[in-house]
Structures are given as C-alpha cells and as structure tokens.
1. In the set B:137, B:151, which member is more than 23 Å from the chain's Cα centre (by Cα), within 12 Å of chain A (Cβ to nearest Cβ) and part of a strand (DSSP E or B)?
2. Look at the stretch B:224-235 and say how many of its residues are part of a strand (DSSP E or B) and either away from chain A (no Cβ under 11 Å) or touching a helix residue (DSSP H, G or I) at 6+ places or on another chain (Cβ under 9 Å) (or both).
3. Quick one: in the stretch B:54-68, which of the residues that are at the interface with chain A (Cβ under 8 Å from one of its Cβ atoms) and more than 11 Å from residue B:128 (Cβ to Cβ) is surrounded by the fewest Cβ atoms within 10 Å (Cβ to Cβ)?
4. When residue B:9 is evaluated against the numbered criteria (1) surrounded by fewer than 16 Cβ atoms within 10 Å (Cβ to Cβ); (2) at pLDDT 50 or above; (3) more than 11 Å from every other protein chain (Cβ to nearest Cβ), which criterion, by number, is the only one it fails?
5. Here is a check on your reading of the model: is residue B:240 away from chain A (no Cβ under 14 Å), surrounded by 20 or more Cβ atoms within 10 Å (Cβ to Cβ) and not in a strand (DSSP E or B)?
6. What number of residues within the stretch B:69-96 satisfy the criterion of being within 17 Å of residue A:50 (Cβ to Cβ) and facing chain A (nearest Cβ under 10 Å)?
7. State all residues of the stretch B:71-102 that are crowded, with 17+ Cβ neighbours inside 10 Å, over 14 Å from the mean Cα position of the chain (by Cα) and not in a strand (DSSP E or B); if no residue qualifies, say none.
8. Mind counting the residues in the stretch B:201-218 that are farther than 30 Å from residue B:58 by Cβ and either touching a helix residue (DSSP H, G or I) at 6+ places or on another chain (Cβ under 7 Å) or surrounded by fewer than 19 Cβ atoms within 10 Å (Cβ to Cβ) (or both)?
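The values are calculated or read from the model by the stated rules, or taken from the named source; none is laboratory data. Only a predicted model underlies this, so the values are computations on that prediction, with no experimental measurement involved. Virtual Cβ from ideal backbone geometry, glycine too; neighbours counted across all protein chains shown.
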C-alpha cells in the first residue's frame, strides 16, 4: 500500500467514525412500513385525545387499543415503537410526517 | 551500492510515520467532528400546544390531555397542574405528576400528550383555569429546562337525565337466597351518595349489605358520569311460586340537589 493510499483509507475511516457519532450509526432502529402504520395511529390518537375528555384512565387507553386493533397492531408493539423514537431519527421523522396540528 | 538501501529505509520510515500520524488523527478527527455538533445544537423548543381543552360540565370528573411539541429530543418530562374554582387534580397511577403518554421522552419534531384527571365541583361556572408547570432535560445538552403556562376548561351546566339503569332483569332460584347485581351508568356529571332500595311482591325478602335499608355502589359512594357500577342485594324468593315479578327500584343521590328517581326490574324466580 502506498503512502497516499494509506492516507486515503485512514481519512475515510475518520469520516466514518465522525459520521457514526452524529447519527447513532447502524444500530438505529429502522423505519419500516410497520412503523409507518404505528406512526399514523399515534398521530391520529394524539388528535383524538386533544378533542376528547375521558371519564376514566382506562377508557383513554382503550381508545388507543381500539385504534391499534383496527390497524392490526398490538399495544406491546406500540410501546416498543414508542420507546424507540428517541433513538431513531427515521422513525421520529415518520411520526412527524403524520403529525397534524389538531 | 550503499545508497539504495538507504533510500528504501528512508521511504519506509516516512510511510510508517505518515500512517502512524493519520492513525492518531482518526480519534481526534472523530472528536472534532462531534464536538462542534453537540455544542452548536440548538436548544430544544418545547411548546404546550393546547390552550383550551374540550368543555366539561360543572360537577364532572374527567381525564383531559395537554398536547406538547418539541423541536429537539427531550427526556425526563414531567408536568404538574393546579386549578381554580375548587377543581382538584390527580395524576396517573396515583403519582404526584403526569408525564407523556407511553414514556417521559419526546423525539424532536414530534408531539405527544400528558393526561391528568380533574374534578370540577358543581359550584364552578364559566371556566376553570389550569396552571401547568413542566420540566424536562434537553436531550442534546443534558440540561434541565422548564415552562409554565395555562389551559382553559370551558364549563356548562348539565341538563340531561341522571342515569341509565343497565340491569332490566335478574333471576334467582326459589330454593336459595341469592345476591344479584343492579347495574347503573351515570349520565349526570356526578351522583353523590348514591343508594338504591327495592320493593317486590309479598313474600319476597330483600336483604342489603350490612343489614341496612339500602345498597350503595360497589366502587365508590358516588356514580360518576360515563362510569358503570353496581349495587348488590340479596333476594330470598322461597315463599314465591316460580314466575316473573316486578321489582320497584328507588334510587337516591345528590346532583348536587337531593334527588329521588325510580325504576323497574323484572325478577324471574326459577
């Protein structure tokens, strides 16, 4: 390997390391069609609670579960997705794209 | 003859030095690339999107929601509320604060909500002002931040029916005294001190919990609007012949004025 080649390789590695620090690297949970469905349900749910008062806390959760079931999704799947939002820019971007000012 | 090895040695030495220098620069470059990004990251702009929540009736208890947005990721979000006009506030799971639904973090450029329970007394009118105090940690800076704001709850007077009687028929065996449940769903905001008593055909023995003269609700003393609860009574139909009979129910409560209402349930004795 020539000196120039070695220098290029090391600079590329440095750039990759720097880029990895900025984005969380490849460990970021990916955005998929499933997470898009979850984002769409979440955005609609936030709009619903903004215009609805619930007699009980259970009825509030039931409103979410009803929406998830209608989209063939589960509450546990929603919870995992919700927890992943802060570490996945792509999933947060999906949610932002469905978010309405309701 | 002596120069050739000398040149090769010099080239090799230079190559190694360059590689060593660049290898040492890798972590430095990485740190330098990261450091300005962290320090230059803008402060998260957190907003309470909600200014007015859906209207409530005086006397009503409800879970209402405040919607929040942020320009950058925040963590450890908490909010506390206090209300005017004698309204009282409670939080999920009996905690001393509420947080965002599902977690205490909010990803950048997204919205989520924080719910709380509020009970408005019958004496309140017009509107209730809720003072909101929120705290969080800015995700990129690791620094705590806070915001105070207000939310308005418009109020109106309720003018509809008091309740819906859910139970229309009960069945008991003639041979054995049996507890039955009479279910009601609140329609008015709150029916305080709810009690029910029963009169039936001659020969039917009615027993109330604690050998009292009426039954209260299973869950709480008041029937909240939109909530279903039941009162239990024990019926001894040993002196009746098999068949159907009419039971007359008398319900007493305050909404907030003392009120008495009646209903009918069919008793089937087998």
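1. Numbers: B:151 fails: more than 23 Å from the chain's Cα centre (by Cα).
Result of the check over B:137, B:151: B:137.
2. Summing the residues that are part of a strand (DSSP E or B) and either away from chain A (no Cβ under 11 Å) or touching a helix residue (DSSP H, G or I) at 6+ places or on another chain (Cβ under 9 Å) (or both) in the stretch B:224-235 gives 7.
3. B:54
4. (2)
5. Working: away from chain A (no Cβ under 14 Å): yes; surrounded by 20 or more Cβ atoms within 10 Å (Cβ to Cβ): no; not in a strand (DSSP E or B): yes.
In short, no.
6. Matching residues across the stretch B:69-96 total 1.
7. Scanning the stretch B:71-102 gives B:72, B:73, B:87.
8. Residues meeting the conditions: 12.
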